[in-house]
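One structure is given below, encoded as C-alpha cells.
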Amino acid sequence: MAKSKSVLAIVPLFVCLSNLVAPTQAVLTAKDTGPQLVIANDRLYAAVNKTTGAIQNLLLDGQDLLGGPGYENPTPGGATGNGASGLGPYLDCYCTPSGFYTPGHIAPRYQLINGTDSSKTPYGGIVMSETYPATGQVLEQYWFLREGETGLHTFSRLTYNNKTTPFLRNLQEFRTMFRPNTALWTDLSTNEKQYAPLPSTEAKNKQVTVQDATWYLGNTPDDPYVQQEGDYFTKYTFQDTWRDHDVHGMYSDGKYSDDGSTFGAWLVMGVKDTYFGGPLHSDLVVDGIVYNYMVSNHHGDGTPNITDGFDRTFGPTYFHYNKGSPTTTLQELREDAVQYSKPDWNADFYDDIAKYVPNYVPTTKRGTWKGHVKLPKGATKPLAVLAQNGVDFQDNDRDTKAYQYWADINPRTGNVEIPRVKEGTYRLTIYAEGIFGQYTQDNVVIKARKTQNTHVNWNEESAGKEIWRIGMPDKSSGEYKHGYELDTTKPLQPEQYRNYWAVHDFPTDFPNGVVYKVGESDAAKDLNYIHWSVFGGYGNSLRTEPYYENVNNWTIQFDLSKKQINQKKKATFTVQLAGAKTAAGNTDVFNATEPYANLPYTVAVNGRDLKPWVIPYYHSSSCGVRSAVICYNIDNKFTFDTSLLVEGLNEFTLSLPYNAIDYESAVLPQSTYVQYDALRLEIE
C-alpha cells in the first residue's frame, strides 16, 4: 500500500529524491533480434513484439515491469480493446466501422532508428505502422529512448485518405496504454491528492458489478482499498481534468519486486497541445492500466470526425519509469516524474527527431504569446486559453489541424505567458473563479519565432444590479453537497463525487426535495451536486426502484424589497451548468426515438413558466454518474419582466421534465440530469 499521505509536506524535495536510484552511465542500443525490435540503455530495456505491434518486454534495472501475456475477454464496462495485457505502452483506438482496433496484428511495418541528437546524446527509436485493410486507415506508434533516461517518448498518428468514402466515422477513442499483468504494482495515483491501493485479487474475485465499470468490493472488508478508499471501485474514480494535470501512474511498494525496491510507472503530460477539449476536458488516467487518452468522449466532449485527408500526430508524451529504495514513497517517485512535465522539457530533442515524426511542429514554427489582463474584481485562479479560432475551446475538435494551449494568469499583475505556440490564428478565452461569463477574442495571430502581445480589459458580464448569486462560478459543481466534500470515513479521504454516485441517496438527503432560501441556506449542504429528473432504478444497486417525489423540481426562495423592484423593467436569471445529461448521453448523436435527446429545462417565477431552455443533444455529458463535476459547460440567461416579481417572498422553481429517462445499453442510470456551476439574479 502507499506510504503516508503527508510525507512530502514534511520531507524536503532534495531529501525525497535522494531515495531514488541514481542513473548510471548508459550505452544506448537499438537492434532487430528477428522476432523483436529492441531499444535499451544500461537501465531501461524495451522490446516490441513484431507480431503484436506492442512493447511486450519492459525492464528497469532488470525488474520486469509488465509480467507475462494475459487476456481478459472484453466486456461492457470491463476489459476493453483486444483484452490483452502484459503489454505497453501500445496504441489502441475506437476508430474503425466496427469499433475497437489494436494495430500491429495484421501486417505491421517497422522502422528501427539509431541516432545521436544535437547534445551528442545517443537515442534509439521504433516506429510501427499498419494499414487497416477495410478502410485504408493508417495507424502509427512511435517509441524513442535516450541514453541516460528511464522513460519512453511516444507519439501516435492516424491518417485516412479515401475519396470514395470521405466520411468514415468519429474518432471516438485514441489512446496508448501501459497495461501490465503482474502483482508488482500495488497502488494507483491520479494526482497529488487522489491515490489509493489497487484492489487485491481476492477483492476482484468477490466483486459485484453495480454499474458500467463499477464494482462493489464490500465482500472483502479487510482489503486495503476498502479499508483506505471506499467500498466501490470504478475507473472513473481516478479520472482527472486536464487543466492542472501533470502526472499519473502506478506505484509498487516493493512487496512483489525482486529485491524489495519500490518502482513507479508514470505518464507525464507536460505537453497537451495535440489533445482536444481544452482545460475543461477530463478523462480516465489510471485503473490498473496507465492511460494516455488523446481522444475520448467519456464525459461528453466532442470528438473529431475521420474524413478524407485526416492526418494528425499526437504527442510527445513521456512514459517515465523510476526506482526507489524500499522506503521511497509513492509521493517521492511521483515528484521525480513531475520534474519532466514542463512544456519545454526536451524540446531540443524533439526538434532533432522531428524528421522521423510527421506533423510534429518544431521550435522554428512556434512562437510566444504574452498577455496583460486587467481582471474583474474578485477574479481568482484566472486562466488564459488559446485554441481553435471562432469556436468555444470545448469544441476545438472541429479543426483537426488546430492546437490548444493555456496558462495561469498572475492574479496580482495580470501577466501571462504561453511559450511554444504553433504558428497560426487562435481564439483567446479568459475565465476565472468568481466571475460569471468569460472573455473571448478571435484572430490572435501567432507567428513563428515572434512574440505576440495582447492587452485585455476584462469586465464581468452584467445585466443590471446583482440581487444574489448561488455557488461559485468556477465551471464546476464541486461546491455543492457530495462534490469536493471529503469522505472522512476513510483514511485517504477521497472527494465524495469520485465515489459511486448511488451512495449519495437523494431521497435520504432531501426527503422534502430541494428548498433553498437565499441568505439562509448553505449551498454546500442544501443543494445537491446533481439535479436529477428521477432517482433510483436501473443502474442504482442501492435503490433499485425509481423514486419520483420532489426530485425533478427544485425551489429557490428569496426576499425582495420594494426598492429593488420599483421602476425596474427587466430581470435576468443566469444558469451556468458544469454539465448536463440529455437522452443523448455522451454521444453527441441525435436519436429520434429518444424524446429527451434535446432536454427542456424550465424556470417558473412565482408559478409562471418562462420559455424553456432546450439543452441540445450535442451538449450532453455523462458526468456525475461517471464521477465528474466538470464536464461540457453551458449556460443560459432567462430574461423576464420584473412584474413577475413581488415585494417580499419570491420563488423560482427549477424543473426538469418528470421521469425524463433514456435507453442505456450499458448499466448506467437512465435519468437525465444537470449539474449547476452557479446561479445569479440581476435586475435593471
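Kindly provide the Kirkwood hydrodynamic radius of the range 218-347 in Å, to one decimal, from all pairs of distinct alpha carbon atoms. Walk me through the numbers before you get to the answer.
On the way: mean 1/r = 0.0600 Å⁻¹.
Final number for the Kirkwood radius of the range 218-347 is 16.7 Å.
Quick check: residue separation of Asp42 and Gln564 times 0.36 nm, minus the Cα distance between them. What number comes out in nm?
On the way: separation 522, 0.36 × 522 = 187.92 nm, distance 7.47 nm.
Separation in residues times 0.36 nm, less the Cα-Cα distance, equals 180.4 nm.
Give me log10 I(q)/I(0) at q = 0.10 Å⁻¹ for the range 463-597, Debye formula, one equal scatterer per alpha-carbon, no solvent.
At q = 0.10 Å⁻¹ the computed log10 ratios are -0.45.
Lys and Arg at +1, Asp and Glu at -1: add these up for the other residues within a Cβ distance under 11 Å of Gln239 and post the number. Each step should come with its number before you reach the end.
On the way: positive: Lys235, Arg498, Arg626; negative: Asp240, Asp283, Asp287.
Charge balance in the 11 Å sphere: 0.
Can you tally the net charge around Ala107? Count Lys and Arg as +1, Asp and Glu as -1, for every other residue whose Cβ sits under 15 Å from the Cβ of Ala107.
Details: positive: Lys50, Arg109; negative: Glu130, Glu140.
Net charge around Ala107: 0.
With unit charges on the beta carbon (Lys/Arg positive, Asp/Glu negative), name the residue among Gly434, Tyr403, Thr368 whose Cα is farthest towards the positive pole of the charge dipole of the range 363-457.
Thr368
Let me have the relative contact order for the range 465-683, percent, based on Cα pairs under 8 Å that are six or more residues apart.
Working: 545 pairs, mean separation 69.9, N = 219.
RCO, the range 465-683: 32 percent.
Each label point is 7 Å from the Cα along the Cα-to-Cβ direction; what then is the distance between the points at Gln557 and Val391, in nm?
Here the answer is 4.6 nm between the modelled labels.
So what is the calculated 222 nm ellipticity per residue for the chain, using -39500 (n - 2.57) for each DSSP H run with n of 4 or more, over all residues, to the nearest 500 deg cm²/dmol? Walk me through the intermediate numbers first.
Details: 9 runs with 48 residues, N = 684.
Computed ellipticity for the chain at 222 nm equals -1500 deg cm²/dmol.
Once the principal axes of the Cα atoms of the range 105-219 are found, what is the range along each, listed largest first in whole angstroms?
Taking the Cα atoms of the range 105-219, the three principal extents are 52, 47, 27 Å.
For Asp311 paired with Asn453, estimate the spin-label separation in nm (one decimal), with each label point 7 Å from Cα along the Cα-to-Cβ line.
Each label point lies 7 Å from its Cα, and together they span 3.8 nm.
Using only alpha carbon positions, build the gyration tensor of the chain, then give the equivalent ellipsoid semi-axes as the square roots of 5 times its eigenvalues, largest first, whole angstrom. Mind showing how you got there, number by number?
Values: eigenvalues 375, 167, 123 Å².
Its equivalent ellipsoid spans semi-axes of 43, 29, 25 Å.
Under 19 Å from the Cα of Lys377, which lysines turn up, not counting those fewer than eight places away in the same chain?
Lys377 reaches Lys465, Lys475.
Given a Förster distance of 60 angstrom, what is the FRET efficiency for Glu72 paired with Thr425, based on the Cβ-Cβ distance and rounded to 0.05?
Taking R0 as 60 Å, the efficiency between Glu72 and Thr425 is 0.85.
State the extension gain, in nm to one decimal, for the chain segment bounded by Arg398 and Asp222, taking 0.36 nm per residue of separation less the distance between their alpha-carbons. Intermediate values should be presented prior to the final figure.
Values: separation 176, 0.36 × 176 = 63.36 nm, distance 4.86 nm.
Roughly 58.5 nm would be gained on extension.
Please report the net charge: other residues with Cβ closer than 13 Å to the Cβ of Val210, K and R +1, D and E -1. List each step's numbers first, then the result.
Numbers: positive: Arg543; negative: Asp212, Asp231.
Residues close to Val210 contribute a combined charge of -1.
According to a simple spin-label model (label point 7 Å from Cα along Cα-to-Cβ), what is the distance in nm between Lys370 and Leu649?
Here the answer is 5.9 nm between the modelled labels.
Contour minus end-to-end for Val27 and Asn191, with contour as 0.36 nm per residue of separation and end-to-end as the Cα-Cα distance? List each step's numbers first, then the result.
Working: separation 164, 0.36 × 164 = 59.04 nm, distance 3.30 nm.
Extra length available between Val27 and Asn191 comes to 55.7 nm.
In terms of Cα to Cα distance under 18 Å, which aspartates and glutamates are near enough to Lys490, apart from those fewer than 8 places away along the same chain?
The reachable aspartates and glutamates, counting only those whose Cα sits under 18 Å from Lys490, are Asp187, Glu192, Asp222, Asp223, Glu229, Asp231.
Since every read-out is calculated from the coordinates, none of them should be taken as a lab result. Just so we're clear, the structure is a prediction, and the values are computed from it rather than from any experiment. A quick note on method: Cβ atoms are made from the backbone with ideal geometry, for glycine too, and the neighbour counts reach across all protein chains shown.
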